[in-house]
Structure formats: structure tokens, C-alpha cells
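Worksheet: one structure, shown below.
Values quoted throughout were computed directly from the atomic coordinates according to the rules given, and no laboratory measurement underlies them. Just so you know, these numbers come straight off a predicted model, no measurement behind them. With ideal geometry, Cβ positions are generated from the backbone for all residues, glycine too; neighbour counts draw on all protein chains shown.
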Amino acid sequence: MYIPISSRAQPYLPLSATSPNLILTTKSFPKKNNPFLFVHLPISPTAANMSYQMELGGDSSPQRKTAGRGKIEIKRIENTTNRQVTFCKRRNGLLKKAYELSVLCDAEVALIVFSSRGRLYEYSNNSVKGTIERYKKAISDNSNTGSVAEINAQYYQQESAKLRQKIISIQNSNRKLMGETIGSMSPKELKNLEGRLDKSVNRIRSKKNELLFAEIDYMQKKEVDLHNDNQLLRAKIAENERNNPSILPSMNLMPGGSNYEQIMRPPQTHSQPFDSRNYFQVAALQPNNQHYSSAGRQDQTALQLV
């Protein structure tokens, strides 16, 4: 290794006497009439540092160090004024570093600082609340280290406990509505319970009336439809009677005929006057009247159809 040494380092040439392993050579350059000494020695960091200090014209002693900034002991500052000044300086530096970190690294940063007097200082490149919610979510995700089965079991246990409490509450409320557990209730509670029952009864009665009115409307509409159908059938029967007079007796006995209602009418009592329309002569029902005719009979036997 060759280390160039300028002519300013010539007073230190006796160094070769203390270090016999150093080989000193002199070379001159044609462009600069300034000789340089080249020291040929094995690679040694200490020797290289010494030659560098010689070239700079400084002291080559390795023990000498430049005076640096002293370390500050990290502890609470007792002086109130100094503590407040230090807080302001370091707070501004911390806020500045947070801003630089968010800008340079595109990071989401949220900084919250409370002073000793309780004053709030904050910085966030997005939103402090949003960053805190994101932090809570990340913490909850990391804390769920259990298996899926354990998590599901815990969830269902909690839900079942809630449902049991709800069932017990509903059962107690139903008992009160039925008047079973009202012995320990105060007059105010009884009055509230009575109001609830009145409201329930009114709602039930209103629903019942609504259903009844709807059914009545339906039956009335059905009655109108049946009446219209009956009128239509009567009109058709009358038209058929007019078109075919030969089938008039048989049609009169059919439902809807002119004599059907008279035939199906219940028999009259003795107190009611005799109605000849409800009776038919036997001779009218038989084609031959000679078996029933008699010279001595003045009247004919009547047959009542019931």
C-alpha cells in the first residue's frame, strides 16, 4: 500500500527509525516540481490514520479527540421555567418530526401530547379520531389469538345468556298482565299496568271489529252476486218457457219455476184459508179418468203434494 505524504510532512520522516518496516520512496512528477514521499507498508489502519493526520498537518496522536456535545441526563427537570422551555422546544421538534415522517414516508401519523398543565397538543395528517379507531381495530384483531371454535363458543354463550334474561323478563311481564304477581306492586305501577291492559283490550277489540266488518262486506257482496245469478237464471227459464211452451209443466216443477216455490212451501194449518194452488187433481195426473169417475160422486179426490 502506498500512502502519499506531502513535503509538509518531512519533519516527521524520523518515523522510519521507530518503524523499520516502513519503506520510504521518493517520486517526482513532471508537471509539478513537488516531490512526494510514498510509504510502502502492509495494510494497517493505525498507520493510515497517522499518515492522514500528517498530511493535514495535525497531531497524529490517536488519543486526542475533538470536543463534542455533552450528554444530557434524562430525568425530570426540577426548575419549572426550564422544564416549560424544554417542553416547548421538544414539543415543536416532535411535531416537526411527525410531519416530516408523514410526508416523506406517506405514513398515517397521529400525535397527542398533554402538558403538565393539562393542555392538549395534537397533530394528524388524516384524523386523530380515525387513526385511534384504526388502532383499536388493529389491537382487537391482534388480541384474537384463540381458535375460531373458542371465539364462536364465547359468542354463543353470551347470546344465550342475553336471550335467557330476555325470556325471564317477558315471563315476569306476562305474569303481571295476568294478575299473578301484583301483590308487591305499588299503586302507581298498578295504574300503569291497568293502562297497558286497556290499550291492549282496545287494540284487540278494534282488530276484531275490523275483521267482522270485512266479513260482513264479503257476505253482502256474495249475496248480491248470488241474487244477480238467480235473476239471470230466472230470465233464462222464462225465455225458454216462451220459446218452448210444451215443456212448461215440467219446467214449472224445476227450481226457479213458477210452481216450484208453491209446491215446496210447507203445508198450511187448518186456521189458514184453503189454497187450491197447492193441490192437483188426481185426474190431471192420470191419463185415463174412467177408473176414478163415478156417477154418484160429485167431487173428485184431491192429492196434496208436500
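Taking each of 166/199; 89/137; 137/162; 166/191; 97/137; 89/129 in turn, the alpha-carbon distance tops 28 angstrom for 89/137. Could you tell me what % of all Cα pairs in the range 80-143 have separations over 14 Å? Taking all Cα-Cα pairs of the range 80-143, the fraction more than 14 Å apart is 65 percent. For trypsin sites (Lys or Arg not before Pro), no site in the range 121-197 is both called loop by DSSP and has at most 16 other Cβ atoms within 10 Å.
Evaluating 6.51 cos²θ - 1.76 cosθ + 1.60 at θ = phi - 60° for every residue in the range 85-97, the Karplus couplings come out as 5, 5, 4, 4, 5, 6, 5, 4, x, 5, 5, 5, 5 Hz, glycine and proline recorded as x. Across every direction, the projection of the convex hull enclosing the Cα atoms of the range 163-252 has a mean area of 11.8 nm². Entry for the range 99-200 at q = 0.16, 0.17, 0.19 Å⁻¹: log10 I(q)/I(0) = -0.84, -0.90, -1.01, Debye formula applied to identical alpha-carbon scatterers, no solvent contribution.
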